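Only the coordinates and a few stated rules stand behind these numbers; no lab work does. Here the structure is a predicted model, which means the values were calculated and not measured. With ideal geometry, Cβ positions are generated from the backbone for all residues, glycine too; neighbour counts draw on all protein chains shown.
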Amino acid sequence: MNAVAPARTNEELARLLGRVALQDRRAFEQVYRLTSAHLLGLAEGVLGRRDRAEDVLQEAFMNVWYGAAGFNPAIATPMTWLINIVRNKAIDKLRSGKAERAATVELDDEAMALPADAAQQPQALFDDSIKRLRIDGCMGELSAQQRQAIALAYYRGLVHTEIAESLNAPLGTVKAWVRRGIDRLKSCLEAAGVQAA
């Protein structure tokens with residue numbers, strides 16, 4: 001994303017997405033060039049592996065190609081819309097278990113002789129799955145702006161000023177989104193019985 005002129009970039013992306021809705025391949029290529037590095041980083045942050053993130057990014061851009069007519073600049077900025085598509089695809093990938101099956105390798109006898117890791121026992125894995133579902137549920141209760149601001153802060157490591165620039169929002173508003181989002185997330189997680197690490 002062009003950090004120098006985010007408003008110009010948002011206008012440019014909105015214009016390009018309008019052309020993508022009309023199946024304009026050049027506009028689609030421009031959207032990809034302007035956003036793919038940032039979106040790939042986001043997917044990699046969620047999935048933990050670049051190859052999985054690349055798969056998610058490809059699926060997300062297929063959604064953009066076929067669903068660009070659904071973009072409404074009155075509801076979200078172009079980058080917010082794109083980030084939500086990628087984030088949802090990445091979470092779906094985690095939930096579906098496709099990523100885990102793709103990473104499975106045949107174990108040799110030496111690997112089988114190692115003592116079992118308590119964190120990998122069925123009950124621990126089940127508990128972790130339940131915890132992740134509760135966290136996802138709590139994240140779903142936040143506003144889109146709060147989710148995006150928190151994701152940029154925690155997954156991308158951006159500070160408030162960088163988040164404000166990325167989202168083209170006032171600094172005070174971004175600080176409020178992060179603070180209120182985290183407070184609401186903590187309350188929801190406590191109510192769901194999820195203890196902070």
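Based on the Cβ-Cβ distance from Q23 to N63, what FRET efficiency comes out when R0 is 22 Å, to the nearest 0.05? Given R0 = 22 Å and the Cβ-Cβ separation, E is 0.95.
In sequence order, region 47-56 has phi-based couplings of 8, x, 9, 5, 5, 5, 4, 5, 4, 4 Hz under the Karplus curve 6.51 cos²θ - 1.76 cosθ + 1.60, θ = phi - 60°, and Gly or Pro positions carry x. Take the Cα of I130, go 7 Å toward its beta carbon, and none of the backbone nitrogen atoms of region 61-99 fall under 15 Å from that spot. Approximating the spin labels as points 7 Å out from Cα along Cα→Cβ, the L171-to-A74 distance works out to 3.3 nm. If R0 equals 25 Å, the separation of the Cβ atoms of D92 and E141 corresponds to a calculated FRET efficiency of about 0.85. Among 133-141, 147-155, 164-172, 49-57, sorting by the average number of other beta carbon atoms lying within 10 angstrom of each residue, highest first, gives 147-155, 49-57, 164-172, 133-141.
If you take all other residues with their beta carbon under 14 Å from the beta carbon of F28, and give Lys and Arg +1 and Asp and Glu -1, the sum is +2.
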